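Before any comments, here is the structure.
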Amino acid sequence: SSAEELQPAGEAELSFEPRTTGSAEEVMLVRRPGSNVAALTHCFVGLVSGRLDPDRLREALEWVIIRHPMLRARLRPPSSSGEPSMLRQGGDDGRWSWLPSTMSPAEIVEAAVEVSEAGTEFDSQWREDLQTAMQGSNFDPEVGPLWRLKLLRGESSTAMIFTFLHAADDQRSGNMLIHEILTHMTASERGQPLGPPEQLKMPKSIEEAFLGDGFEMGKLVDYAMAQAASGARPSVKLPSTLKAPEREQRKNWVLDPDQNPKSTHRPAVVPKKPAEGLAKNLLPELVDSDSSLSAQKRKTILTTRRIPAATLEKLRKRCRENGVTVTMGLVAFSLLATSDVSHDEKDFGYEEYRTLLGVDMRNVAPGGDWTDGTVAFASGALDFTIRMLPRSGQEFAAEQAGSVPRSPSGGVNVWDVARSAANYSRSWIERGWAAESTRLFDFGNRFVNMEEIITATSDDPATLGRAYSLTLSNAGIYAHGDGKYGSHQLEGIYFGISQALSGSLWSASWQTVNGELFLSAFSVEPIVERQQLEAFADSIVNSLELAAEKAAPEGRPGGSPRQNYMEDVRGGVPWYLPLETDKADMRCPEYEQIKSPTMPPFEVDKYTGIWYELAFHDITQPNMCGCTRFNMTRSGNVIEDMFTVNCPWPWRENLDGPWLPGYNAAGMRQLNLYTCNMTMFYRAASPGVMDEQGFGAVFPNMVLEVWRDPDMAAETGYEYTRALQFQCYDKKKSGQIIFTGINFLSRKPIVSPDMLQEMFNRARALGLEPYGSNDMHVVAHEGCRYPSSTHKSVIGEAYEYPFPVFGNGLGSNVMV
């Protein structure tokens, strides 16, 4: 047998040079409080046809143990003593160290391997065992081994279920391990055993591979600032099922860029208790330890899906057509699914989805792959934030089924999502941020005890340990052939990382084997319920299949938008500057290119009257205002649009500013009302289009959609009850867009969330997202009073630019 060809364990030189753990390895050693249960385990299963022989497996394992130092490593804990602290003891004494195991390869195999029979329950049993492994394993790091293998045999199939302390390996290592084990077993089965294994060197840490003696401070600062800005964006971290129905009262003044209603403004409803011990240095409260939501009681849940080779080949073709890799397509489908399952009906506007994308650091290291083909932890990650509407995956499916209207170039464009992700990833690599992310994390980890911080924040009532909306890892194509090993066929690989203590709200891991694509979708119970996880996986697959079958929407007028418009919505323009964002090669569209297919024949007199603005994209309107109302009157082909608005709004004593003059006798705020009169000229030959005059320019104001809501019509007397307007102004010679305006209008100032969601969806369906519909401000109307009249005898002269009302008690006496 091949075991006879191996050097006896007692004679082999199995030692290696001990070293301290790197910062990335160190954080992967986090344990559940008060135990040796690893909180971050990397688990994977290789599914093989036929029944693998346990004895041949043990022989193969002894061979690979001799070959790979990490398989025979143990850990020495930090030598620091004293009370636990959020700050780390300086130097190597504050870190764990890798040491050679004192056990022989045979002893390691005996300690690590379990053989079990599943019979007819094989398919359900391996999934259950993989999910159980992801709860964390009780490793004794000072003794080892730092991995486990369960061999589960069915009637005609075998599952090799591995559990690793994540500091010791990654999925590329896992794939290599599966290959070497099956290769050795095949050679043994054929009577052609492999010779003695080459003993590989202990791999360097990521930090040793990336961080030299010098660095550019400017580059590090740029990365740090970008991360700070990204972390400050209010991204989805918990499902709305755990949120209060009402949003927190929010301060309005100083043009707060984050005024729009988001799910993050709804506080989490979880049992709490005052923080104790080290945790109170970070948080005033923690999740009650008796609650099922506490970190100690949460568990990782898993579901799997298998994509046929024919579908994957079609997807690969579509990805090439759209200039992205399959990985970026998977990011897009997974983000659509995240938007599907993270929200209830109270969330209606654009949300931020922060995504952590796994990176094989071997591919971006300065000197190439430093691991030299040995098992190692060489994983990193980059993160970016994509802005999308809730339930985008569902809307994408409805559009593809033809059940909702859209323009030829409009709709949920999954390829724009993929290109935004690709653009950021490419920029991250080109800017050298692989090294800077490593450097920044290493710098922090040398001074801060990450285990204590992760443990404390795992019970943060606001996040429940969730730092991201989505984590995605694509291990790519199995790099070791077609998976044929003698009489056995490698039929698939699924993998994931435990998430119970900390991680993302949703996770998706992907592996391609023999032309098929394997999805492992996982989350944490009871933050997420089982049916929500199943819906997440189903949504991913549904979007993937639709995208693989359907061509991309037609090109936009003039060309493509900025590739990062879904990630950096303002295109680098600070939120406080009234400048239109860069529209790249796009041009102002013609009316017929973007008008809704369901738009009825436009009748201008049904469009006049009182309108309340629900939301806008318009650099001439400050976000600090509210109670916005239009009063449109027509004389011939001239329409006067008297615009009134309260600034600032909302107003709360001792909360908002600045401190304007006082109130009138009726309690109405003084010097709070502004007016603006815009003149429009109706084009009789182009129903639905008006030439608007304002701010020294004339530009088309296009009505793209009107709604006729029966209940609102009965209540208000208007047939046209809601409307979507769009304006676009460009430089005549170059065609460069210098202004776009988008308005959601209603005959009532307050409408239901589903009506607003419908208007956001329709704007996207008509192709307005890259023109600014993903950068709109929702107007506050709660508690508003409006002018009794817009006649100049009441509010004074009106101008084509905003002007305060000084008459009638500084505008306060005209409000009713």
Next item on the list: Rounded to the nearest 10 degrees, what's the angle between the helix 217-232 long axis and the longest principal axis of the chain, both from Cα atoms, 0 to 90?
Entry: 70
Next item on the list: Rounded to the nearest 10 degrees, what's the angle between the helix 433-445 long axis and the longest principal axis of the chain, both from Cα atoms, 0 to 90?
Entry: 80
Item checked: Those lysines that a straight Cα-Cα span of less than 28 Å connects to Lys606, excepting residues fewer than 8 apart in one chain -> Lys595, Lys748, Lys792
Next item on the list: State the extension gain, in nm to one decimal, for the chain segment bounded by Ser97 and Glu198, taking 0.36 nm per residue of separation less the distance between their alpha-carbons.
Entry: 34.0 nm
Next item on the list: Between Ala309 and Asp605, with labels modelled 7 Å along Cα→Cβ, what's the label distance in nm to one decimal, could you check?
Entry: 6.9
Next item on the list: Just the isolated ones, please: cysteines in the chain lacking another cysteine beta carbon under 4.7 angstrom.
Entry: Cys43, Cys319, Cys676
Check: Under a plain spin-label model, where a point goes 7 Å from the Cα along Cα-to-Cβ, how far apart in nm are Val573 and Ser289?
Finding: 5.3
Next item on the list: Ignoring everything but the protein chains, give the 1.4 Å probe accessible area of Lys731 in square angstrom, nearest 10.
Entry: 100
Next item on the list: Report the full-extension gain for the segment Lys299 to Thr633: residue separation times 0.36 nm, less the Cα-Cα distance, to one decimal in nm.
Entry: 114.1 nm
Check: From a point 7 Å beyond the Cα of Arg76 in the direction of its Cβ, which residues of the range 186-213 have a backbone N at a distance under 19 Å?
Finding: 202-205
Next item on the list: Provide the net charge surrounding Tyr682, with neighbours chosen by a C-beta distance below 14 Å and charges set as Lys +1, Arg +1, Asp -1, Glu -1.
Entry: -3
Check: Hey, if you put +1 on the Cβ of every Lys and Arg and -1 on every Asp and Glu Cβ in the range 269-352, which of Pro308, Ala332, Ser289 ends up farthest toward the positive end of that dipole?
Finding: Pro308
Note to self: Sorting check: for 94-102, 298-306, which peptide has the highest mean count of neighbouring beta carbons within 10 Å, and how do the rest follow?
What the structure shows: 298-306, 94-102
Notebook entry, point to check: What is the dipole size for the range 660-816, taken about its Cα centre, with +1 at each Lys and Arg Cβ and -1 at each Asp and Glu Cβ, in debye to the nearest 20?
Noted result: 320
Next item on the list: Taking only protein heavy atoms into account and a 1.4 Å probe, give the accessible area per residue of the chain in Å².
Entry: 39
Check: Which FRET efficiency, nearest 0.05, do Glu321 and Ser788 yield, Cβ-Cβ r, R0 41 Å?
Finding: 0.10
Item checked: Point-to-point label distance, Ser116-Ala229, nm (Cα→Cβ direction, 7 Å offset) -> 5.0
Check: How big is the Rg/Rh ratio for the chain, C-alpha atoms only, Rh by Kirkwood, two decimals?
Finding: 1.04
Check: In whole percent, what relative contact order does the chain give with Cα contacts below 8 Å and a gap of six or more residues?
Finding: 15
Margin query: I'd like to know which of Ser635, Leu505, Pro557 lies farthest towards the positive end of the charge dipole of the chain, counting +1 on Cβ of Lys and Arg and -1 on Cβ of Asp and Glu.
Written below: Ser635
Note to self: For a 29 Å ceiling on Cα separation, which of these pairs sit above it: Lys150/Lys280; Lys150/Lys314; Lys262/Lys550; Lys243/Lys299; Lys243/Lys280?
What the structure shows: Lys150/Lys280; Lys150/Lys314; Lys262/Lys550
Item checked: Net dipole in debye of the chain [+1 Lys, Arg Cβ; -1 Asp, Glu Cβ; about Cα centre; nearest 20] -> 1760
Next item on the list: Rounded to the nearest 0.05, what FRET efficiency do Ala551 and Glu797 give with R0 = 60 Å and r taken as the Cβ-Cβ distance? Could you check?
Entry: 0.65
Check: Counting DSSP beta bridges with both partners in the chain, what percentage is antiparallel, nearest 5?
Finding: 85
Next item on the list: Between beta-carbons, use under 11 Å as the cut-off and find the net charge around Ala456, counting Lys and Arg +1, Asp and Glu -1.
Entry: -4
Check: How about Lys733: which lysines have a C-alpha closer than 19 Å to its C-alpha, ignoring those fewer than 8 places off in the same chain?
Finding: Lys583
Next item on the list: Counting residues in the range 196-350 as N, plug N into 2.2 N^0.38 Å and put the Cα Rg over that result.
Entry: 1.51
Item checked: P(r) tail fraction, the range 682-816 - alpha-carbon pairs more than 26 Å apart, % -> 39
Note to self: Quick check: residue separation of Thr620 and Lys484 times 0.36 nm, minus the Cα distance between them. What number comes out in nm?
What the structure shows: 42.5 nm
Margin query: If I compute solvent accessible area with a 1.4 Å probe over the protein chains, what percent of it on the range 315-423 is carbon and sulfur?
Written below: 48
Item checked: Residue-level accessible surface for Thr186, protein heavy atoms, 1.4 Å, Å² -> 10
Check: Where does helix 414-430 land angle-wise versus the long Cα axis of the chain, in degrees 0 to 90, nearest 10?
Finding: 60
Check: Ser289: net charge of surrounding residues, Cβ under 14 Å, Lys/Arg +1, Asp/Glu -1, itself excluded?
Finding: -1
Item checked: Electrostatic dipole magnitude of the range 99-163 [Cβ: Lys, Arg +1; Asp, Glu -1; Cα centre; debye, to 20] -> 160
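The values are calculated or read from the model by the stated rules, or taken from the named source; none is laboratory data. Not measured: the values here are computed from a predicted model. We place every Cβ from the backbone using ideal geometry, glycine too, and count neighbours over all the protein chains shown. Areas reflect the complete protein model, heavy atoms only, side chains present, ligands, DNA and RNA absent. Shrake-Rupley method; radii C 1.70, N 1.55, O 1.52, S 1.80 Å.
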